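Student: Before anything else, here's the structure in question.
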Amino acid sequence: MNNKLYGNLIFELSREGRKGYSLPKNHYGNYVIPQELCRQEDAALPECDEPTVVRHYTNLSNNNFGVDNGFYPLGSCTMKYNPKINEEMAAEPQFQNLHPKQPVQTTQGALAMVTLLERALCELTGLAHFTFKPYAGAHGELTGLMTIDNYHRSRGDLQRKKVIVPDSAHGTNPASAAVCGLEIVEVKSDARGLVDFEDLERLVEQEGPNIAAMMMTNPNTLGLFEERIPEIARLIHDCGALMYYDGANLNPMLGACRPGDMGFDVMHINLHKTFSTPHGGGGPGAGPVGVREGLQEFFPFVSPYHGNFAVMMRAYAYILSLGREHVKEVGPLATLNANYIKESLKDVYELPIDGLCCHEFVFDGLKDKSTGVTTMDVAKRLLDYGYHAPTIYFPLLFHESLMVEPTENESKETLDGFIEVMRKIAGEAKTEPDTVKSAPHLTPIGRVDDVLAAKHPVVTFRQMSNEE
Ligand SMILES: *Cc1c(COP(=O)(O)O)cnc(C)c1O
């Protein structure tokens, strides 16, 4: 990769008087723009010739890493399989050019798709109704918790303000509960990485009448199947609370078991994870919320219209292309792939919880801790070999978490390539630890200060020149 090209901003490539555009003929007639709306001086735009512009943006885009460049084994928030046919469907002009304020008689096809998607999701989850308004998983959690809160209020049960969340949960679970004005009570994981039932019984005994809901993820964030859900659901329902299911990553469950049958009352699904739609950089997403019969009247108003329609379109195309017969294969294949990688690497990477995993699993860094090579170093070194790093330092249960989710669609050759490189890095950690600790060596930028980048992003040219 070319560091020099990467370093240049388009403004720095600008030369006064260079032109790289040609405007189309004016078909619209001339309009007089009122003087007070006009600029008083020229906008500070870069002036570049066409090849410079094209090369600049093409080189920038080459520095991106995505599922179309290579293997992307990110656990939990995975970029799962995004078939191109779904992109084509979502890009159909009949759908893409819809306007939410169009007369309903002209949008019947789109509305029918929403209804059919709702039916498919009901069938897959065992719940009775879905709302498509939420724009993301976290937005879905908030919507679901507000639904639960509304339900308790409707019964005059006003003291239920606590939500039980497992310590292995995705960070958005406690965050959504807090945004909803609810208090978080954490339930511990047992030695096997599952919800500690004794700890839960103690909490329910203590807090019973104050509990609004219990949030669970299954398979949980360690990629483990929670075995005691029917008992947990009974315990929670008996104390008057509801069961919430975080279905962000529903893929391992598809066609095999349904949250509704297990005793969950409310759930969200991340269509952008489970049912395709690439979502790098934070969007776009859709987090529809499903409920048991009777709870739909408590859906809150969280956004206008029908959510992110193109994401729903992709999800529907994906479900249809799999069909009832093949939707069942997603989970077993994802599980097979994850277990294959886990078993092939567990002699060199620390596997804190052994046994069969579902679609993902977590290592606790390298097995040999004497080298000083951390999970961060392994993740950075992977970039030199052309792989996206797995999820790191999450879940928080282990110090050196490295969470791998290969997804169902990757070939054995791809998995073998990844395994080989992971083993190679484990070897390098012993023979040349400094190479791993100072990685990456082949990317335009090495190690950024994540906190600084998040808290003080420099995103404009002006800001940059001010700082110099
Ligand atoms: C990704 C994820 C979420 C949050 O979804 P967003 O769309 O990023 O808001 C919640 N729970 C789990 C388990 C997830 O993997």
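The values are calculated or read from the model by the stated rules, or taken from the named source; none is laboratory data. Being a predicted model, the structure only gives us computed values, none of them experimental. For neighbour counting, all protein chains shown are included, and Cβ atoms are generated from backbone atoms with ideal geometry for every residue, glycine included.
Student: Scan region 150-164 residue by residue and report those that are surrounded by fewer than 23 Cβ atoms within 10 Å (Cβ to Cβ) and either of a type outside the set (F, W, Y) or within 11 Å of the ligand (Cβ to nearest atom) (or both).
Tutor: N150, H152, R153, S154, R155, G156, D157, L158, Q159, K161, K162
Student: Identify, by number, the condition in (1) among the aromatic types (F, W, Y); (2) at pLDDT below 95; (3) more than 22 Å from G75 (Cβ to Cβ); (4) surrounded by 15 or more Cβ atoms within 10 Å (Cβ to Cβ) that F361 doesn't meet.
Tutor: It is condition (3) that F361 fails.
Student: Quick check on region 176-188: of everything there that is surrounded by fewer than 16 Cβ atoms within 10 Å (Cβ to Cβ) and outside any loop (DSSP other than H, G, I, E, B), which residue is farthest from the ligand (Cβ to nearest atom)?
Tutor: Within region 176-188, the match that is farthest from the ligand (Cβ to nearest atom) is E183.
Student: Something else now. Output the residues belonging to region 367-396 that are touching a helix residue (DSSP H, G or I) at 6+ places or on another chain (Cβ under 6 Å), farther than 22 Å from C77 by Cβ and outside any loop (DSSP other than H, G, I, E, B).
Tutor: Scanning region 367-396 gives a single hit, T371.
Student: Looking at (1) of a type outside the set (S, T, Y); (2) surrounded by 24 or more Cβ atoms within 10 Å (Cβ to Cβ); (3) touching a Phe, Trp or Tyr at 6+ places or on another chain (Cβ under 8 Å); (4) closer than 21 Å to I148 by Cβ, find the lone condition where N270 falls short.
Tutor: With (1) of a type outside the set (S, T, Y); (2) surrounded by 24 or more Cβ atoms within 10 Å (Cβ to Cβ); (3) touching a Phe, Trp or Tyr at 6+ places or on another chain (Cβ under 8 Å); (4) closer than 21 Å to I148 by Cβ applied to N270, the lone miss is (3).
Student: Mind listing whichever residues of region 431-460 are in contact with a helix residue (DSSP H, G or I) (Cβ under 6 Å, 6 or more places away or on another chain), assigned to a helix (DSSP H, G or I) and of a type outside the set (V, I, T)?
Tutor: P433, K437
Student: What number of residues within region 265-306 satisfy the criterion of being assigned to a loop (DSSP other than H, G, I, E, B) and within 16 Å of the ligand (Cβ to nearest atom)?
Tutor: Number satisfying all stated conditions: 14.
Student: Let me ask something additional. Restricted to region 274-307, and to residues that are buried (at least 24 other Cβ atoms within 10 Å of the Cβ) and of a type outside the set (S, T, Y), which residue is nearest to G331 (Cα to Cα)?
Tutor: Checking each candidate, the answer is F275.
Student: Taking region 239-264 as the search range and keeping residues that are in a helix (DSSP H, G or I) and within 16 Å of the ligand (Cβ to nearest atom), which one is surrounded by the fewest Cβ atoms within 10 Å (Cβ to Cβ)?
Tutor: Ranking the candidates gives M253 first.
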